[in-house]
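> Here it is: the structure, laid out below.
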Amino acid sequence: MHVVGKIDQEIYQCITNDIVTDEVIITDNQIQHILDRHPDAYETAMKEMRTAIESPDYIIADDKHDNTGLVIKKFKMKGDNLQLVLRVCTHKDEPGYKNSVISCWEISEKRLENYLKNKRVLYKKE
């Protein structure tokens, strides 16, 4: 388990009001998942994850998973943006659990525009 940053609870309340901690972690299994499934984004994802978590440009609803949001940071990485899936820890979780990064990859500007048009935007940086 690796600490990758802290969330601003005021921003992330758009996912849930029941936030137990501001600490965000990533497990070795999730790091391996990113390396296996998104190898082109791995290096940038690991380097920029803290910035994306602490200063997101958008948070999109993940309607398939409770207490989870798609956090998007606009970086110019080969023309793409960074998207990570963040699971927010609530009082319903096991004691000691933390907010955790589930996955991370690059998305194109076109994909981001599609998300903004067709998905539920929970937060947009002013």
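> Could you identify the single residue in I53, I107, I60 that is more than 14 Å from I7 (Cβ to Cβ) and out of contact with any Asp or Glu (no Cβ under 8 Å at 6 or more places or on another chain)?
Working: I53 fails: more than 14 Å from I7 (Cβ to Cβ); I107 fails: out of contact with any Asp or Glu (no Cβ under 8 Å at 6 or more places or on another chain).
Among I53, I107, I60, only I60 is more than 14 Å from I7 (Cβ to Cβ) and out of contact with any Asp or Glu (no Cβ under 8 Å at 6 or more places or on another chain).
> Take segment 70-90 and flag every residue that is part of a strand (DSSP E or B) and in contact with a Ser or Thr (Cβ under 9 Å, 6 or more places away or on another chain).
K73, F75, M77, D80, N81, L82, Q83, L84, V85, L86, R87
> Taking T16 as meeting all but one of (1) hydroxyl-bearing (S, T, Y); (2) out of contact with any helix residue (DSSP H, G or I) (no Cβ under 9 Å at 6 or more places or on another chain); (3) assigned to a helix (DSSP H, G or I), write down the number of the exception.
With (1) hydroxyl-bearing (S, T, Y); (2) out of contact with any helix residue (DSSP H, G or I) (no Cβ under 9 Å at 6 or more places or on another chain); (3) assigned to a helix (DSSP H, G or I) applied to T16, the lone miss is (3).
> Next up: Would a scan of segment 46-53 turn up a residue that is within 14 Å of the chain's Cα centre (by Cα), surrounded by fewer than 16 Cβ atoms within 10 Å (Cβ to Cβ) and hydroxyl-bearing (S, T, Y)?
Within segment 46-53, one or more residues are within 14 Å of the chain's Cα centre (by Cα), surrounded by fewer than 16 Cβ atoms within 10 Å (Cβ to Cβ) and hydroxyl-bearing (S, T, Y).
> Quick one: count up the residues across segment 1-12 that are under 14 Å from the mean Cα position of the chain (by Cα) and part of a loop (DSSP other than H, G, I, E, B).
2
> Have a look at K117, K110, K74 and point out the one that is touching a helix residue (DSSP H, G or I) at 6+ places or on another chain (Cβ under 9 Å) and surrounded by fewer than 17 Cβ atoms within 10 Å (Cβ to Cβ). If you could, list the steps in order and put the result at the bottom.
Numbers: K117 fails: touching a helix residue (DSSP H, G or I) at 6+ places or on another chain (Cβ under 9 Å); K110 fails: touching a helix residue (DSSP H, G or I) at 6+ places or on another chain (Cβ under 9 Å).
After applying the criteria, what remains is K74.
> Of the residues D40, D93, which single one is at negative phi, part of a loop (DSSP other than H, G, I, E, B) and either touching a residue at least 12 places away in the same chain (Cβ under 8 Å) or surrounded by fewer than 20 Cβ atoms within 10 Å (Cβ to Cβ) (or both)? Give the steps one after another, and end with the answer.
Details: D40 fails: part of a loop (DSSP other than H, G, I, E, B).
Answer to the check: D93.
> Within segment 43-69, how many residues turn out to be of a type in the set (A, V, I, L, M, F, W, C), more than 13 Å from E106 (Cα to Cα) and part of a helix (DSSP H, G or I)? Lay out the reasoning, then the answer.
Taking segment 43-69 first, the residues of a type in the set (A, V, I, L, M, F, W, C) are 45-46, 49, 52-53, 59-61.
Next, only the ones that are more than 13 Å from E106 (Cα to Cα) stay: 53, 59-61.
After this cut, where a residue has to be part of a helix (DSSP H, G or I) as well, the list is 53.
The total comes to 1.
> Here's a follow-up. Could you please tell me which pairs satisfy a Cβ distance under 9 Å, a separation of 6+ or placement on different chains, a first residue in segment 14-35 that is of a type in the set (D, E, K, R), and a second residue that is surrounded by 18 or more Cβ atoms within 10 Å (Cβ to Cβ) and assigned to a helix (DSSP H, G or I)?
Note: pairs meeting the criteria are D22/Y12.
FYI, it's all coordinate maths here, none of it is from the lab. Predicted model, so just to flag it, every value in this text is computed and none were measured. Using ideal geometry, Cβ is built from the backbone for each residue, glycine included, and neighbour counts are taken over all protein chains shown.
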